[in-house]
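To start, the structure itself, in C-alpha cells.
Readers should treat all values here as calculations from the given coordinates under stated rules, not as data from a laboratory. Bear in mind that the values here come from a model prediction, so they are computed numbers and not experimental data. Using ideal geometry, Cβ is built from the backbone for each residue, glycine included, and neighbour counts are taken over all protein chains shown.
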Amino acid sequence: MTAALVAAEWARVFTLGKARGRIEALFEADGARAARMSRQACGMLYDFSKTSLTEQSLAALLELAEAAGVASARAALFAGEKINTSEGRAVLHPALRAGPRAVIELDGADVMPKVRATLSRMAAFAREVRAGAITDVVNIGIGGSDLGPMMASEALSPYCDGPRLHFVSNIDGAHIHDVLKGLSAATTLVLVASKTFTTIETMTNAATARRWMVARGADPAAQFVAISSAPETAAAFGIPAERVFGFEDWVGGRYSVWGPVGLSLMLGIGPENFAAFLEGAREMDTHFAQAALADNLPVLHALVGLWHHQVCGYKTRAILPYDQRLARLPAYLQQLEMESNGKRVSRTGAALSFGSGPVVWGAPGTNGQHAFFQLLHQGTQIVPAEFLIAMRGHEPELAHHHALLVANCLAQSQALMLGRDHAEAHRVFEGDRPSVTLAYDRLTPKMLGRIVALYEHRVFVEGVILGINSFDQFGVELGKELATALQPVLAGAEADLDSSTAQLVALYRAHQP
Ligand code: F6P
C-alpha cells in the first residue's frame, strides 16, 4: 500500500461520486439491479441497490479498499497484531467468540485457554444463579460496560427466562434510585462492570448499591460480582476473587459484550443461548475473514458508508431497525461507530484531509415514521437510512402485525428513493434518498451475534480505509478531567473560570441548602 495509490483511488471515487445519477434511473437501466447490488451471507440479505452506487463506482471503492490494505489489516486483526498502535495493544475481541478449537497467539502464547476457562466459569456461575433464589440482577457499568448487554438483553427478550435484568449507568442519582427502589436487597445480585474499575459513574453507583444492600441487612460480599480487566482494583473494592471475572486489555470496552461484560445477558438468556450469540458472531468473523472483498458484507457495508459520508457528503446516517426489540441498537452503534471512528488525525497523527466518521443516530420503525421521517423525506439534508427487518417475528399469533411492519419498512425505502411529484409544493417528495436494507429471518441469539459482528467489522474496515486507529478513544478524556477539577469548585473552591462556566457554578451554589 502506498499513500499515493490510496490518494489516487480516493480521487477516482470522488470523481465518480460527482457524476452519480438518480437512483431510480439506475433501476430503470438495469432490470437485475437488485440482485446485482445485493449479497447474501450468514443468513442475511444485504440489499444496497437503493443507493447511487453503480458497478463502476463499487469497483472503484473495492480498488480503494484493496489499495488501503483492508485484506492485510483484516489478517493482522485476526492474527492478534498490535493494531491499536496508539495504545500498543492487540484488538482481539474475535477471540472471545472464537470457539473450542481456535488457537490465537499473542506475544507467543495462546490466549484461548484463558478465554475458554473464563467462559466456563461464567456459564457455571450463570447456571448456579439461574437455579437459585436471585430474582433480579443489576448491571452497573457505562459505555461499553452497559450498552452491549443492555441492547442485547432487550433484543433477546423472548429468550430471557432467568432473573430480571436491570441496567444502571448514569451518574445521575435518579437512575440508580429508580432501579433499586422496586428491588429486594436479599434477592438482588449486583454486577459491577468496568474494564478499568475506575470510571467515576460506575464506582459511585457501585458504592451506592453497596450501601443500599448493607442498609437492608444483605451481604455485598456474597451478592456483588466484579467484571474487569483490573481484577486487583476490583478485589480492593471488596469483591472476593471467586466473584471477579477478568478480561484482558486487548478487549476494547465497546467490543466487550462477548466476554464477562456479557454476564448479565448470559444470566438472562442462559449459557446455551449466549453460546449461540457467540456462534453467530463467529460465523460473521469467518465470513469477514474469508469472503472476497466484493462479496464481503462488512466490507460492502463500510464502502456504502464511505460513499455516503465521505464522497456524497451526507453528514449523518440513520439506523432504523424495524424490530422493536432492537430499540437500543442505535445507541449501541453510536458508541461503536462514533467512539471508534470519530477521530481527527490519522494513525500517524497527521490531520485528516477528509471527514472521519459520520454522526450515527436512529430509532425503531414504525415509531420514527411518526416523528423524524418528515425530515428524511422532505428535509434539506439527505440522511442515508439503514433498515433492519426480520422476515418473521417471535409472535406467530400476531403475524398480521408483522406483515404491517414489513410493509411499512419496505414502503419507506421505496418512498425515500422514488419520491412523488405533486402540483402543490408542500406535497412534493424529491426522492433519490438512499437506503440499505439488512433482512434476516428472525432475531435469534445467533442472528443478533451476526448483526453486531457485522457492524463491528464495518467500523474496522471504514477505519482502515480512512487510515485511522478505530480502537482508542482519547476524545473522552478532557471532559472527564475537567469534571474532576470542577467538583471542588462546585463545593466552594476558588477557580479561574470562563464567565459562562462561572455563572453556571454560581447558579448551582445558589441552589444548595
Ligand atoms: O469514557 C469512555 C469509556 O472509556 C468507554 O470507552 C468505555 O466503554 C466506558 O468509558 C466505560 O469504561 P470502563 O468499562 O472502564 O468503566
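If the segment from ALA351 to ARG392 were pulled out straight at 0.36 nm per residue, it would be longer than the present Cα-Cα gap by 10.1 nm. Computed extension gain for LYS315 through VAL214, at 0.36 nm per residue and net of the alpha carbon distance, reaches 31.4 nm. Computed over the range 61-201, the P(r) curve from all C-alpha pair distances, binned at 5 Å from the origin, holds 2, 8, 12, 15, 17, 14, 11, 9, 7, 3, 1, 0, 0 percent per bin. Assuming R0 = 45 Å, can you tell me the calculated FRET efficiency for the pair LEU410 and PHE14, based on Cβ-Cβ distance, to the nearest 0.05? Efficiency computed from Cβ-Cβ geometry: 0.90.
Whole Å is fine, so just give me how far the alpha carbon centre of the range 66-86 lies from that of the range 116-136. Between the Cα centre of the range 66-86 and that of the range 116-136, the gap is 35 Å. Spin-label pair ALA207-ASP178: with each label point 7 Å from Cα along the Cα-Cβ axis, the two points sit 2.4 nm from one another. What are the DSSP H helices in the chain that stretch 30 Å or more along their long axis, judged by alpha-carbon atoms, and whose average Kyte-Doolittle hydropathy comes to at least 0.0? Flagged H segments are 445-466. From the Cα gyration tensor of the range 125-255, with a ≥ b ≥ c the square roots of its eigenvalues, which class applies: rounded if a/c is under 1.5, or else prolate if a/b is larger than b/c, or else oblate? Rounded, because the longest to shortest axis ratio a/c is under 1.5.
Cβ-to-Cβ counts within 10 Å put ASP161, ASP472 in ascending order as ASP161, ASP472, the fewest first.
Under the rule a/c < 1.5 gives rounded, and otherwise a/b versus b/c splits prolate from oblate, where does the range 197-354 land using the Cα gyration tensor? Prolate, because a/c is 1.5 or more and a/b exceeds b/c. Dividing the summed helix terms, -39500 (n - 2.57) for each DSSP H run of n ≥ 4, by the number of residues in the chain produces a 222 nm estimate of -13500 deg cm²/dmol to the nearest 500. Stretched out straight at 0.36 nm per residue, the stretch from ALA485 to ALA294 would grow longer than its current Cα-Cα span by 63.7 nm. Over the range 33-75, the pair-distance histogram of Cα-Cα distances with 5 Å bins from zero comes to 6, 20, 20, 20, 23, 10, 1 percent, rounded to whole numbers. Relative to its residue count, the range 427-510 spans a Cα convex hull of 318 Å³ per residue. Computed over the range 323-393, the range of Cα coordinates on each principal axis works out to 46, 30, 18 Å, biggest value leading. In percent, rounded to a whole number, the relative contact order of the chain is 19, using alpha-carbon pairs under 8 Å and six or more apart. Extending 7 Å from the Cα toward the beta-carbon at both ALA399 and GLN324 defines two label points whose distance is 1.9 nm. Value of Rg to Rh for the range 1-147, rounded to two decimals, is 1.13; Kirkwood radius and Rg both from alpha-carbon coordinates. For the range 290-418, the relative contact order comes to 31 percent (Cα pairs under 8 Å, sequence separation of at least 6). Taking 7 Å steps out from each Cα toward its Cβ at ARG509 and GLU279 produces label points 6.2 nm apart. Taking all Cα pairs closer than 8 Å and separated by 6 or more residues, the relative contact order of the range 164-313 comes to 17 percent. Would you mind classifying the range 102-153 by shape? Square roots of the alpha carbon gyration tensor eigenvalues, ordered a ≥ b ≥ c; an a/c under 1.5 is rounded, otherwise it is prolate if a/b is larger than b/c and oblate if not. Oblate, because a/c is 1.5 or more while a/b does not exceed b/c.
Structure note, pairs LYS50/LYS343; LYS82/LYS195; LYS18/LYS82; LYS18/LYS50: Cα-Cα distances above 26 angstrom occur for LYS50/LYS343; LYS18/LYS82. Rg over Rh for the chain works out to 0.98, both radii taken from alpha-carbon positions and Rh defined as the Kirkwood radius.
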